[in-house]
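The values are calculated or read from the model by the stated rules, or taken from the named source; none is laboratory data. Computed from a predicted model, the values in this text were never measured in an experiment. Cβ atoms come from the backbone with ideal geometry, glycine included; neighbour counts cover every protein chain shown. SASA here: full protein model, heavy atoms, side chains in, ligands and nucleic acids out. Shrake-Rupley method; radii C 1.70, N 1.55, O 1.52, S 1.80 Å.
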Amino acid sequence: MGRRRAPELYRAPFPLYALQVDPSAGLLIAAGGGGAAKTGIKNGVHFLQLEQINGRLSASLLHSHDTETRATMNLALAGNILAAGQDAHCQLLRFQTHQQKSKNKAEKAGSKEQGPRQRKRAAPAEQSGAETHQEEVEFSVENLQAVQTDFGPDPLQKVVCFNHDNTLLATGGTDGYVRVWKVPTLEKVLEFRAHEGEIEDLALGPDGKLVTVGWDLKASVWQKDQLVTQLHWQENGPTFSNTPYRYQACRFGQVPDQPAGLRLFTVQIPHKRLRQPPPCYLTAWDGSTFLPLRTKSCGHEVISCLSVRLQDSEHFIVCCSESGTFLGLGTVTGSVAIYIAFSLQRLYYVKEAHGIVVTDVAFLPEKGRGPELLGSQETALFSVAVDSRCQLHLLPSRRSVPVWLLLLLCVGLIVMTILLLQRAFPAFL
């Protein structure tokens with residue numbers, strides 16, 4: 001049996017590093033580039049239109065936004081505003097879709113198309129005399145404010161995320177400082193040293209708590225600039241006396257069927273590369289006490305990125321689901337996996353799907369146009385990598401037996417057993 005392969009959804013003309021999904025418009029946003037080096041590789045943010053065609057999910061380029069000499073390394077999405085990490089800066093972008101009607105061809109022939117790309121959509125023709133109206137979609141991207149967010153010797157913004165109501169965003173980078181900014185003015189409202197060394201990831205909870213993980217092997221919980229607690233994943237898990245681990249990623253997620261319940265998920269990887277690498281680990285934490293609930297190994301491939309798909313939440317970078325909570329993982333060797341968040345059980349795995357480091361993964365949410373695009377699948381995960389490809393990973397709906405049917409079968413089995421015993425032993429009843 002051959003190796004499982006994931007379908008290629010899109011190939012960009014530059015390495016891809018960041019990914020976001022806008023379910024309201026059915027957009028997949030992929031960004032990256034070759035940086036400032038004069039290699040001829042462009043930098044940009046591509047907006048892809050997701051569509052169901054003949055029962056298959058497909059993506060087509062709707063708009064390409066040139067970011068000049070800066071590659072986009074990380075993204076956060078809040079409505080129609082993108083926060084893009086470009087070198088040591090955070091650039092805010094606003095994208096908009098306008099529908100308009102164009103008149104007959106003779107009127108359009110006198111002028112060349114300028115400005116943003118216009119995408120035609122099939123629409124019923126409305127005839128009024130000699131005029132024919134056709135619906136078009138005009139897509140525009142506007143640069144808003146930009147600010148420098150990292151000031152290390154080799155400055156680089158490594159992560160960005162919005163708060164629960166999209167009025168603030170937090171950034172972290174190589175200098176170890178967390179900086180919080182107002183949206184959309186990017187006025188700095190908070191700054192503090194969170195780690196000795198680089199900040200690898202951060203996550204904002206709905207109660208204002210901030211979780212940060214860094215290269216100093218620490219994971220910390222903050223309320224503004226005050227340290228609340230530090231995470232200790234090995235309290236109820238494995239211990240390795242000679243193998244230091246560091247936290248690679250952190251994400252918040254809701255508890256299914258518990259609107260007020262909150263979970264934190266982290267990934268731990270070996271801090272140093274070894275000839276025989278030890279396993280990496282996934283840990284689920286209580287979102288209020290920050291005590292570890294469950295830790296499981298997720299293989300010996302080093303994890304590079306983490307995404308969460310959860311129920312009925314619109315306030316996180318993570319994606320939303322009505323069918324349950326999932327975790328999506330990418331590895332430095334190009335593999336992609338999907339886990340059940342509750343049990344940390346692996347449901348889906350494609351070894352070396354990209355063949356090179358997976359830089360970001362994102363789920364298709366089940367809100368907006370999500371259910372229409374998802375079709376009969378239980379979940380869909382997108383992955384991007386340095387190989388310039390965006391791949392689609394589909395998890396088919398798992399068949400489940402209704403509870404009433406199980407009860408009916410149990411009652412029927414009991415009745416059949418009694419009848420057989422009565423026939424074999426007439427004096428049984």
Accessible area of segment 211-272 divided out per residue, in Å², using a probe of 1.4 angstrom: 49
Find the centroid of the Cα atoms in segment 215-267 and in segment 1-49, then give the distance between the two in whole Å. 29
Ordering of 72-81, 358-367, 267-276 by packing [mean C-beta count within 10 Å, highest first]: 358-367, 72-81, 267-276
Leaving out ligands, DNA and RNA, what percent of the accessible area of segment 164-284 is carbon and sulfur, probe 1.4 Å? 47
Cross-link pairs 42/188; 296/351; 272/296; 158/209; 209/296; 158/272 - those with Cα-Cα distance over 22 Å: 42/188; 209/296
Leaving ligands, DNA and RNA out of it, rank 326, 151 by accessible area with a 1.4 Å probe, largest first. 151, 326
Per-pair calculated FRET efficiency, R0 = 25 Å: residue 164 and residue 192 via Cβ, rounded to 0.05: 0.80
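R0 = 30 Å: FRET efficiency of residue 397 with residue 4, Cβ-based, nearest 0.05?
The computed FRET efficiency comes out at 0.95.
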How far is it, in nm, from the label point at residue 56 to the one at residue 148 when both lie 7 Å from their Cα along the line to the Cβ? 4.9
Please give, to one decimal in nm, the separation of the simple spin-label points placed at residue 41 and residue 411, each 7 Å out from Cα toward the Cβ. 6.5
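How much area per residue is accessible in segment 1-65 when the probe is 1.4 Å and only protein heavy atoms are counted (Å²)? Display every interim value, and only then the final one.
On the way: 3160 Å² over 65 residues.
Result: 49 Å² of accessible area for each residue.
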Roughly how many Å² is the accessible area per residue of segment 336-429, as a whole number, for a 1.4 Å probe? 56
Alpha carbon centre of segment 404-419 versus segment 326-360: separation in Å? 41
